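Take this structure first; my questions come after.
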Amino acid sequence: MDVTTKPAGADCKAVGEILSRVGDKWTIQVVVALMSGSRRFNGIKRYVSGISQQMLTRTLKTLERDGMVERTVHHSTPPQVEYTLTPLGHSLAETAHQLAHWAAAHQLEIEGNRLQYDVRTS
């Protein structure tokens, strides 16, 4: 793959915005929480430790707006809402899974490189 060639129709600013969004602290964790199937809000909140209700709401709305999450309201008393990954969301989950495997496979090498760098530059 030639990384120096810009894909057809790619807008660097738009691509950067998308990468910032999926690379934020919570997006990938919410996507991973939904990989195995639909979850209700509190189920996602329990899975993603440390996320506030406000941040989870914001993250889910952003993912829904981007077409990665589908929100389904079940008309019951009280109303129940479920969140599910769309095909686009699943493709992000697969990519994140590959990246996590890469990070795990290279973790020791990277830590060693950091130590060598710190020794050289101190």
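Here are some conditions: (1) surrounded by fewer than 11 Cβ atoms within 10 Å (Cβ to Cβ); (2) in contact (Cβ under 8 Å) with a residue 60 or more places away in the chain. G16 meets all but one. Which one does it not meet?
Unmet condition: (2).
Further, regarding this structure: Enumerate the pairs (first residue in the range 24-53 and over 13 Å from E82 (Cα atoms); second residue anywhere and aromatic (F, W, Y) and not in a helix (DSSP H, G or I)) with beta-carbon separation below 6 Å, excluding pairs fewer than 6 apart on the same chain, so at least 6 apart or on different chains.
Listed by first residue and then by second, the contacts come to I51/W26.
Just one of A103, A93 is touching a strand residue (DSSP E or B) at 6+ places or on another chain (Cβ under 7 Å) and closer than 22 Å to L19 by Cβ; which is it?
On inspection, the qualifying residue turns out to be A93.
Those residues that are exposed (fewer than 14 other Cβ atoms within 10 Å of the Cβ) and in contact with a Phe, Trp or Tyr (Cβ under 7 Å, 6 or more places away or on another chain), I need them from the range 42-80; list them, please.
If the condition is that a residue be exposed (fewer than 14 other Cβ atoms within 10 Å of the Cβ) and in contact with a Phe, Trp or Tyr (Cβ under 7 Å, 6 or more places away or on another chain), then R71 is the only one that fits.
Next question. Output the helices (runs of 4 or more DSSP H) that fall wholly within the range 10-77 and possess 1 or more residues being hydrophobic (A, V, I, L, M, F, W, C), touching a helix residue (DSSP H, G or I) at 6+ places or on another chain (Cβ under 7 Å) and closer than 17 Å to T95 by Cβ, or say none.
The qualifying helices (runs of 4 or more DSSP H) are 12-22, 27-34, 53-65.
Scan the range 81-122 residue by residue and report those that are among the polar types (S, T, N, Q) and either in a helix (DSSP H, G or I) or loosely packed, with under 10 Cβ neighbours inside 10 Å (or both).
Passing the criteria: S91, T95, Q98, Q107, N113, Q116, T121, S122.
While we're looking at this one, here's another question. Given the structure, is L34 of a type in the set (A, V, I, L, M), modelled with pLDDT of 90 or more and touching a strand residue (DSSP E or B) at 6+ places or on another chain (Cβ under 6 Å)?
Spelling it out, L34 is indeed of a type in the set (A, V, I, L, M), modelled with pLDDT of 90 or more and touching a strand residue (DSSP E or B) at 6+ places or on another chain (Cβ under 6 Å).
The values are calculated or read from the model by the stated rules, or taken from the named source; none is laboratory data. Here the structure is a predicted model, which means the values were calculated and not measured. In this analysis, Cβ positions are derived from the backbone assuming ideal geometry, glycine residues included, and neighbour counts consider all displayed protein chains.
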